[in-house]
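Some notes on the structure that comes next.
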Amino acid sequence: MKGNHYRRLIAGVMGAAMALSSAASAVNAAFVAGEVSPVSAVGAADTSAVIYSTDFEDGDVSYFCNRGENDTTELSASTDMAVSGSTSLLASGRSKDWNGPAFQLDKICKPYTEYYVSFKFRGKYYTNGTVSFQYSDPDGTPHYQNLIKNISTSDWYTVENLKVSFTDEMKDVFVYIEGGQDDIYIDDFTLTEVPDVPIEEDIKSVRAVFADKFKIGTAITPDNLSSKPFMKLVEKHFSGSLTAGNEMKPDAVLNQKATLAYVEETGDDENPQVSFSAAKPFLNYCQKNNIPVRVHTLVWHSQTPDWFFKEGYQDDGEWVSKEKMIKRMENYIKNYFTELTALYPDVNFYACDVVNEAWTNDGKPRDPGQQGSSGSEKSAWVQVFGDNSFIEYAFTFAREYAPKGCKLYYNDYNEYMSKIDTIIAMAKELNEKGVLDGIGLQSHLDARDMATSAFPTVDMYKKALAKYAATGLDIQITELDATVDQNDPTKYIDYQGEYYKGIMDAIVEYSDSISAVVFWGVTDDQSWRANRLPLLFDADYKAKPAYYGVIGDREEQEIPTDPTTEPTTGEEIKGVWGDADGDDEIKMNDVVLVMQSIANPDTYGADGTAEKHLTLDAQKRVNIVDPDTTGVTVQDALQIQKFLLEIVPTLDPNA
Ligand code: XIL
């Protein structure tokens, strides 16, 4: 299942040829586009407003350019060959693979609006090329993404309804053709605005249906922000929690240029510098709309630049020592949260995936090594630390520097397989040390044809949930999606609905332990696994059987009016404040239990199952007097007594 881990597939396209390489995703690709198939076309292009259209018969090529000073490409109108009429655009004199032709979108297009780009292109003798997208972030750093990779044909290649968009933070936005150094011809170029389509307003809101159980959220990428119908779906169904699809990952945040400048200035090579320029469109949206954010992710083997681990911050440098990496890690995590909270003091960063995917399926550390070429599952963290001991350092630093109220999670995939016991043992240990609050279950599932071969089966997933719930730790479903068979995806759409129903029923069964359910996207065409249609809505923004499976026969509940209402002090607790034995009542035996647990700390019941002592939930409920310092004290027992004697009116530290 994780074969596609580093690849984001484009909607309705021709399979493997269209897969984006990890190199593309590693540049904080803030963009995804798809050649729209008849199924996923959102309003046919001919009903859209045409912004610009040319067949080059008038000889005007002024809308096109090369890719800057060092690009030798020259553009002219040519009658060598053409699709319609007798003239096309010729890009000649290309001396590097990356040379244009390019079309600058932000000269004639508006931000936050989607466009279709359609054109035909070919090489002089053979057509070999990649259609790409480029923009510069507010720091002026350019970002690139391959939209249609490695096109190879002996004829004209048709690019039809390639969806592009950008936000107002993105400047110098181009669509361009690259690859080889041959001449390139373009003909019949059209740019149209994607028409706004209504969403289904009359169906139940996923968020409202589960409002009394857990937050419902999703992950979005900056380009999603430009699609009005997409964002209407986010607002209606998923606005309980948002995760940035890529823009808050280490490769998007760690800034090599600023880091090198810092070394130059100070001589200190243990203080990696960060920038949230790629995440700004996302964070601005969350701020404006008061949506709680899951920070994803700090420490991961993937989407993390190699230079971070190397002497001189050079990709090809020697690995640094463990001691140096601990310093770099601490400063990185410190800078991450300091910068984030300075930029967005009002955003509720309520959860953070401190460490992502550190265990292999059988519960072992990853192989050491460089991230390197696409799909490598090796870990530079293991390379430098020799083992998985970096995990505890990461949580310790995160606890120190994360904003108050931000809960800290270990997040992983295939979490229902044999690694389960390793994850649980590690999480409990870190929780006892006070540095971890919960476990994130990615839940990238595969419904396939459920009847014979869903993986995991609903039952397997449910058994895993039972195990995680028994830890007493907070559980979040962090990246839920469920694919169907790639070869004939539409055939299994109904099975997928049944599968989602089974999965959601299981999640609801353990809802006491689960505080958020976050989907990994909204519409199939924008998913990282688009060709296997894994989400609740289709490319036309219509609810699929998957949506109806999730909703089941549940009714909408009242949504809290202020989604940021989180306790400002203390923990969100399950049950009644001061209730040590879990009977929902405050009596003298609660005081006794608290005292016993202090006298005999080994019998706190930290495994969450002991009956006579404090479960982890109970420890939270009785941690009343000074909830910010971890641990239950005699003061807490005293406070419960005061409550019983009616000396204090409430045990709720937030009241
Ligand atoms: C994925 C993104 O959705 C893709 O765009 C990117 O190319 C690769 O990463 N587990 C995670 C997520 O924790 O960060 C991954 O997101 C999906 C798997």
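Per the Kirkwood formula on distinct C-alpha pairs, the Rh of the chain is how many angstrom?
Numbers: mean 1/r = 0.0378 Å⁻¹.
Final number for the Kirkwood radius of the chain is 26.5 Å.
Can you tell me the orientation of helix 634-644 relative to the chain, as the angle in degrees between its alpha-carbon axis and the longest Cα principal axis, to the nearest 10?
Roughly 70 degrees between the two axes.
May I ask you to give the solvent-accessible area per residue for the stretch 264-369, in square angstrom, as obtained with a 1.4 angstrom probe?
Result: 37 Å² per residue.
With 30 Å as the limit, write out which pairs from 280/428; 204/462; 324/364; 149/249 have Cα-Cα distances beyond it, or answer none. Working shown, then result.
Values: 280/428 35 Å; 204/462 25 Å; 324/364 24 Å; 149/249 24 Å.
Flagged as over cut-off: 280/428.
How high is the relative contact order of the stretch 454-600, in percent, with contacts defined as C-alpha pairs under 8 Å that are six or more residues apart?
Values: 172 pairs, mean separation 30.9, N = 147.
This gives 21 percent for the stretch 454-600.
Going by a ≥ b ≥ c, the root eigenvalues of the Cα gyration tensor, does the stretch 436-516 fall in the rounded group (a/c under 1.5), the prolate group (a/b larger than b/c) or the oblate group?
Working: a/c = 2.67, a/b = 2.24, b/c = 1.19.
In terms of gyration-tensor shape, prolate.
Can you give the relative contact order of the chain as a percent, counting alpha carbon pairs under 8 Å and 6+ residues apart? Mind showing how you got there, number by number?
Working: 1521 pairs, mean separation 79.4, N = 655.
Relative CO of the chain lands at 12 percent.
For the stretch 381-466, what is the accessible area per residue in Å², given a 1.4 Å probe and the full set of protein chains?
Values: 2950 Å² over 86 residues.
Value for the stretch 381-466: 34 Å² per residue.
If you plug each phi of the stretch 484-493 into the Karplus form 6.51 cos²θ - 1.76 cosθ + 1.60 with θ = phi - 60°, what whole-Hz ³J(HN,Hα) values come out, in order, with x for Gly and Pro?
Whole-Hz 3J(HN,Hα) from phi for the stretch 484-493: 10, 4, 4, 6, 8, x, 5, 4, 9, 4.
Tilt of helix 228-237 relative to the longest C-alpha principal axis of the chain, in degrees (0 to 90, nearest 10)?
Approximately 10 degrees, to the nearest ten.
Under 1.5 on a/c is rounded, so check that first for the stretch 144-264, then, if it is not, pick prolate when a/b is larger than b/c and oblate when it is not; a ≥ b ≥ c are the square roots of the alpha carbon gyration tensor eigenvalues. Provide the component values of the computation, followed by the final result.
Values: a/c = 2.81, a/b = 1.33, b/c = 2.11.
Judged from the Cα gyration tensor, the stretch 144-264 comes out oblate (a/c at least 1.5, b/c at or above a/b).
Peptides 583-590, 223-230: what's the order by average Cβ count within 10 Å, highest mean first?
Numbers: 583-590: 14.4, 223-230: 22.5.
Packing order, densest peptide first, comes out as 223-230, 583-590.
Averaged per residue, what accessible area in Å² does the stretch 135-203 show with a 1.4 Å probe, protein chains only? Please list the in-between numbers first.
On the way: 2620 Å² over 69 residues.
Per residue, the stretch 135-203 has 38 Å² of solvent-accessible surface.
Output the peptides 338-344, 149-155, 305-311 sorted from most to least packed, where packing is the average of other Cβ atoms within 10 Å over each peptide's residues.
Values: 338-344: 16.0, 149-155: 13.7, 305-311: 19.1.
Per-residue Cβ counts within 10 Å, averaged per peptide and sorted highest first, yield 305-311, 338-344, 149-155.
At what distance in nm do the modelled label points of residue 583 and residue 392 sit from each other, each positioned 7 Å from its Cα along Cα→Cβ?
Result for the modelled spin labels: 3.9 nm.
Can you give the angle from 0 to 90° between the axis of helix 588-599 and the longest principal axis of the chain, with both taken from C-alpha atoms, to the nearest 10?
80 degrees
Given the -39500 (n - 2.57) contribution per DSSP H run of 4+ residues, what per-residue ellipticity at 222 nm results for the chain, rounded to the nearest 500 deg cm²/dmol?
Details: 17 runs with 165 residues, N = 655.
Mean residue ellipticity at 222 nm (helix-derived): -7500 deg cm²/dmol.
Work out from phi, with θ = phi - 60° and the Karplus expression 6.51 cos²θ - 1.76 cosθ + 1.60, the ³J(HN,Hα) of each residue of the stretch 216-226, listed in order in whole Hz, and give x for Gly and Pro.
Going residue by residue, I get 10, x, 8, 10, 10, 10, x, 5, 4, 4, 8 Hz, with x marking Gly and Pro.
Calculate how many DSSP beta bridges within the chain are antiparallel, expressed in % of all such bridges and rounded to the nearest 5.
Numbers: 53 of 92 bridges.
Just about 60 percent of them are antiparallel.
Residue 589: net charge of surrounding residues, Cβ under 10 Å, Lys/Arg +1, Asp/Glu -1, itself excluded?
Details: positive: 587; negative: 581, 583, 585, 590.
That works out to -3.
Quickly rank 501-513, 268-280 as a protection proxy: mean count of other C-beta atoms within 10 Å, highest first. Each step should come with its number before you reach the end.
Values: 501-513: 18.8, 268-280: 20.5.
Peptide ranking by packing, descending: 268-280, 501-513.
In the chain, carbon and sulfur make up what percent of the accessible area (probe 1.4 Å)? List each step's numbers first, then the result.
On the way: 12450 of 25520 Å².
The nonpolar share, carbon plus sulfur, comes to 49 percent.
The values are calculated or read from the model by the stated rules, or taken from the named source; none is laboratory data. Quick caveat, the model's predicted, so the values are computed rather than measured. Note: ideal-geometry Cβ built from the backbone for every residue, glycine included; neighbour counts use all protein chains shown. In case anyone asks, the SASA skips ligands and DNA or RNA and just uses the protein heavy atoms, side chains included. Shrake-Rupley method; radii C 1.70, N 1.55, O 1.52, S 1.80 Å.
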